[in-house]
Amino acid sequence: MSKYDFIKDFLKEAEDTKLKRVLRAINPVSARESEFEGRRFLNFSSNNYMALSEHPELRNESVRWGEKYGSGSGASRLITGTSAACLRLEDEIARWKGTEASIVIGSGYLANSGIIPALADRSAVIFADKLNHASLNAGCQLSGAEFLRYRHNDVDHLVSFLEKHKDNPRKLIVSDTVFSMDGDIAPLDDIKRLAKEYDALLYLDDAHASGVFGEHGEGLSDGADIAMGTFSKALGSYGAYAACSSLMKDYLINRCGTFIYSTALPPAVLGSIAAAVSLVQTPACNEARKNLYEKFTYLRTSLEKAGFDTANSRTPVIPVIIGDSGEVIKLSSKLFEKGILALPVRPPTVPKNTARIRISVNAAHTYEDIDRLIDALKKA
Ligand SMILES: Cc1ncc(COP(=O)(O)O)c(C=O)c1O
């Protein structure tokens, strides 16, 4: 017996069941391509939906803020980690999202795992979609609240839970707007209506809709008490926001542990966020969003015609559901041989027997790239 036995046992089981994860050095070349072991690959696995991570304005602002304010923020937001520029950025994010206020937090995981426990304690009950992101589940579990998970996008199931707990004054509904692994969209009108009807707080995670949906890329979280989103995906940078009322912001500043006890984002990151928030609202970006919409619809419908199961995807995230983890690894390897990075996603990230290739389309992909992917998938 050794104190490391449980670690070795875990890794062996992961290996045996084809669920072991490994890190690979995949170097970005552009939003379209990555380099691995000296070879170039078409990259269909990043969340860089608007291809902004390589945009010169993000790079330039990142450098400018870094030069002006230094490489680190030096302290948490409540100590000396809040510059005037950071507060201006929060005002701008609030304008973009159509809310009174916004608060920038270190990352999406930090936002979800810190804000939810601030909103729900042991006396509360949380109603959460079964396929919510792991960071939302972490927040729900950390809160100590009763944590009820309704079947994916099943409004009737949500209603049955709400009815049962209608007398509890502390209710919180939590859902992704766009689901990260299925690429489908929550029944947002129903969820918003139910939150009002049952007087529940509504927390929406707009990570995969921010920058991609809405006339100004503002996403799909309109009307939520907390409209949380990230800058790490379509906005091409890093970090997260919660757009909310001024009252809620005031509360989070005083109550959200991952905001209070974590160092503020570095200025260079804030600079690229500022550039991205401004860029996604431009007519050029609006045009790019329309083109992206046409591209991912073309890819999804072509895959459906070829007989692939793409679940209910309606976004740039398109799963090709295979089921078995070993089979999905084989499929991904075949695509890899053809110069395409489309990586497998296996349990526990997705439910058992739903291992898949998770494809994500971005604004830099050409129709030729997409046809190459379709052809490779058909042959594989
Ligand atoms: C829906 C969703 N929420 C939150 C996160 C976490 O955000 P971050 O990567 O900024 O920690 C992710 C993924 O990264 C996500 O897909």
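The values are calculated or read from the model by the stated rules, or taken from the named source; none is laboratory data. Keep in mind the model is a prediction, meaning the values are calculated, not measured. When we count neighbours, we look across all protein chains shown, and the Cβ atoms used for this are built from the backbone with ideal geometry, even at glycine. The protein model used for the area step is the full one, side chains on, heavy atoms only, and it has no ligands, DNA or RNA in it. Shrake-Rupley method; radii C 1.70, N 1.55, O 1.52, S 1.80 Å.
Against the 2.2 N^0.38 Å scaling, with N counting residues, where does the chain land? I'd like the Cα-based Rg ratio to two decimal places.
Against the empirical 2.2 N^0.38 Å value, I get 1.00 for the chain.
So, R0 is 30 Å and r is the distance between the beta-carbons of Ser278 and Glu67; what FRET efficiency does that work out to, to 0.05?
0.95
Which percent, to the nearest 5, of DSSP beta bridges fully inside region 56-279 are antiparallel?
40
Compute the separation of the alpha-carbon centres of region 225-290 and region 49-97 and state it in Å as a whole number.
That distance is 9 Å.
Could you calculate the contour length gain from Tyr251 to Arg151, that is, 0.36 nm times the residue separation minus the distance between their Cα atoms, to one decimal place in nm?
Here the segment from Tyr251 to Arg151 would lengthen by 32.9 nm.
Whole number please: convex hull volume per residue of the Cα set in region 19-60, in Å³?
Hull volume over Cα atoms, normalised by residue count, gives 101 Å³.
Longest span of the chain, sites excluded, free of chymotrypsin sites (Phe, Trp or Tyr not before Pro) in DSSP loop with at most 16 other C-beta atoms within 10 Å?
Here the longest run is 5-260.
Of Lys164/Lys196; Lys164/Lys192; Lys8/Lys130; Lys295/Lys379; Lys290/Lys334; Lys352/Lys378, which pairs sit farther than 26 Å apart, going by alpha carbon to alpha carbon?
Lys8/Lys130; Lys290/Lys334
Share of Cα-Cα pairs in region 144-228 beyond 14 Å, in percent?
Result for the distance tail: 62 percent.
Compute the distance in nm between two label points, each set 7 Å from the Cα along the Cα-to-Cβ direction, one at Asp190 and one at Glu294.
3.3
Send over the Kirkwood Rh of region 56-279, from the inverse of the averaged 1/r over different Cα pairs, rounded to one decimal Å.
17.5
Provide the FRET efficiency to the nearest 0.05 for the Ile260-Glu197 pair, computing r from the beta carbons and using R0 = 41 Å.
Efficiency, from the Cβ-Cβ distance: 0.80.
Tell me the per residue accessible area of region 56-279 using a 1.4 Å probe; a whole number in Å² is fine.
41
Could you work out what % of the accessible surface of the chain is carbon and sulfur, using a 1.4 angstrom probe and leaving DNA, RNA and ligands out of the count?
For the chain, the apolar C and S fraction of the accessible surface comes to 52 percent.
Looking at the chain, which longest stretch skips every one of the trypsin sites (Lys or Arg not before Pro) that is in a DSSP loop with at most 10 other Cβ atoms within 10 Å, leaving the sites themselves out?
The segment 123-351 is the longest one with no such site.
In deg cm²/dmol, rounded to 500, what helix-only [θ] at 222 nm does the chain give when every DSSP H run of at least 4 residues adds -39500 (n - 2.57) and the total is split over its residues?
-13000 deg cm²/dmol
Please list 3J(HN,Hα) in residue order for region 301-306, calculated via the Karplus relation 6.51 cos²θ - 1.76 cosθ + 1.60 where θ = phi - 60°; whole Hz, with x for glycine and proline.
5, 5, 5, 4, 4, 7
Say each of Lys352 and Tyr367 gets a label point 7 Å from the Cα, pointing the same way as Cα to Cβ; how far apart are those two points in nm?
Modelled inter-label distance: 4.5 nm.
Which distance in nm do the two modelled labels at Glu215 and Ser76 give, with both placed 7 Å along the Cα-to-Cβ direction?
Here the modelled spin labels are 4.0 nm apart.
How many angstrom separate the Cα center of region 320-380 from the Cα center of region 142-213?
Rounded to whole Å, the Cα centres lie 29 Å apart.
Defining a contact as two alpha carbons under 8 Å apart and six or more residues distant in sequence, what relative contact order in percent does the chain show?
Result for the chain is 23 percent.
What are the radius of gyration and Dmax of region 225-377, computed over its Cα atoms and given in Å?
19.2, 54
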